[in-house]
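So the structure is just underneath, and the comments pick up after that.
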């Protein structure tokens, strides 16, 4: 395989990873309604099996996306260029933003809880989603800019 | 000021910052008991000035520590060597660890709240403390390792 075709392959894989990450972040956000409903059912009446599966799937999906953000996916082991300095800097910037946004959101929920009666358990999945979607989208955006 | 004394100054400031980070993390964690008690008091007896003061102080310190960890403190603007590549790499590592620990502990709380009754007035300050103390300590430890 020639140098240029290898580089083309790499670019394709990188572009695909960025797109996949953005799509996964949007999918995770779109799960929110169902997860909130399932959380409420499970907490209030023990829940049906389908609610437990929904909540379980949300947690597994969140963990998988978290791992994807932290490692850059399986292919970055095969292609070291998928995890070069620029990618690492972008990832660090994305994680920093995700961390700050999530901490500030949690402090916001805490203050709101003191001022008004609030069902905090409803906001916990939202916090998890924020904590994972924000760095995923930021990483995807930074990588796209780098392209 | 001559060159050697300048570099000594920066080293001294970096060491001071590292010690400060340790102290701040410990002080911040030690506030937790008082904050949980104040949150409980607000829930049971309504809002009293002393509880508002305690919780307000906790939140202000939390935000202050967060800004300190993110920027490296006000002196980092004056001495660029206090914010060099190694410091930035250490900070990125610390924030990454803080982020992962924070998200995972939030998930753990979420899953356990589905099976057992969780008192969120106690859990939220713990989560905030974990989320801020972990990267602070981690940054201080990484900086200490860099000095050796």
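Values in this text are rule-based calculations from the coordinates and carry no lab data. Computed from a predicted model, the values in this text were never measured in an experiment.
Expressed as a fraction of 2.2 N^0.38 Å, the value expected for a compact globular protein of N residues, the C-alpha radius of gyration of segment A:76-123 is 1.84. When only Cα pairs below 8 angstrom with a gap of at least 6 residues are kept, chain B shows a relative contact order of 37 percent. Helix B:49-71 versus the longest principal axis of chain B: what angle, 0 to 90°, nearest 10, using Cα atoms? Result, in degrees: 40.
Taking the Cα centroid of segment A:8-51 and of segment A:58-109, what is the distance between the two, rounded to the nearest whole Å? Rounded to whole Å, the Cα centres lie 15 Å apart. Compared with the dominant Cα axis of chain B, that is its longest principal axis, helix B:85-115 is turned about 10°.
With equal scatterers on the alpha carbons only and no solvent term, can you work out the Debye log10 of I(q)/I(0) for segment B:4-115 at 0.11, 0.23 1/Å? Normalising to I(0) and taking log10 leaves -0.53, -1.27.
Rg of the Cα atoms in chain A, relative to 2.2 N^0.38 Å, amounts to 1.25. Across every direction, the projection of the convex hull enclosing the Cα atoms of the protein assembly as shown has a mean area of 19.9 nm². For segment B:123-148 and segment B:82-96, what is the separation of their C-alpha centers, rounded to whole Å? Cα centroid of segment B:123-148 versus Cα centroid of segment B:82-96: 13 Å apart.
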